[in-house]
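Accompanying notes for the structure given below.
Read-outs throughout are calculated quantities, based only on the coordinates presented, and are distinct from any laboratory measurement. Every value quoted in this text rests on a predicted model; they were computed, and no experiment measured them. Counting neighbours? That spans all protein chains shown, and the Cβs are built from the backbone with ideal geometry, glycine included.
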Amino acid sequence: MSGCTTPAISSASPATDSDEEASLRMNSATVRNLLVRGMLAGLAAGLAALVVAYFLGEPRVDQAIAFEEAHAHEHGGEELVTRTMQSTAGLSTGVLVYGVAFGGIAALAYCFALGRIGRFGPRASALLLAAAGLLCVYVVPFLKYPANPPAVGDPDTLNQRTTLYFLMIVLSVLLAVGTVILGKRLAPRLGNWNATLAAGAFFVLAVGLAYAFLPSFNEAPEGFPATLLWQYRLAALAVQVTLWTSFGLVFGLLAERLLAPRTATEAVGAARPTPVPH
């Protein structure tokens, strides 16, 4: 009897196979394993971002500090932490801790998104999540409130600028979620392609309105080199692009090995040369 019932169970409706598999996969053990892999992938992404930050960002920080010291009217006391310590141990600790925390949060978001954003495999879902996260969490807020080096920015508006920056992040994420929901609602009537275009237009329009109504700041001091300002901002953008891209690639590989071990094994086996019998 058991031999007859097994094929019947395995031949369930193909339309529900992916949903059933996703619900079975997302148990507590799987979520925990993905969380650990996400933190490891975040650590690896943090290492890659650290290299970019050190070689592209730190020289611009040094130049901005030199400008600030040259134009300071008052000189402070002795530094509690030297600049060398800040640019080495301080930078490494901050970026790596951030990478691990970032990887854990992104892994939890992946657990929720897997199977809900379309019929994508584990690796493709990780790359898609990383691209969407980079766009919504960093690029959209960055275009309105870009990063500033030392000597740029009024200390009196620091709290306001920080609040508006995080508000922009929240708005961007909520608009992205709304865009996905809108696209799914429009797909049955417009088709996938037209629904995607309409939802994308909604996102661009909503973000544009947010840019127009939220206050802007232009607080670069007189004489601050515009080239240095943009080099610093491009370096900050490069760090985030490296972080998110590296995470998507590494976590996608780790998630695929966990959720689809047969596919990952077959891919590795296909890359190995077939031995020729003697």
On alpha-carbon atoms, Rg over Rh for the range 148-201 using Kirkwood Rh? 1.32
Return the FRET efficiency for the residue pair Thr227, Ala109: r is the Cβ-Cβ distance, R0 is 41 Å, and the value is rounded to the nearest 0.05. 0.65
With an 8 Å Cα cut-off and a minimum separation of 6 or more residues, compute the relative contact order for the range 167-247 in percent. 22 percent
Here, the range 81-180 modelled as identical Cα point scatterers in vacuum has Debye log10 I(q)/I(0) at q = 0.10, 0.11, 0.24 Å⁻¹ of -0.40, -0.48, -1.29
If you plug each phi of the range 218-230 into the Karplus form 6.51 cos²θ - 1.76 cosθ + 1.60 with θ = phi - 60°, what whole-Hz ³J(HN,Hα) values come out, in order, with x for Gly and Pro? 9, 10, 5, x, 4, x, 6, x, 5, 5, 5, 4, 6
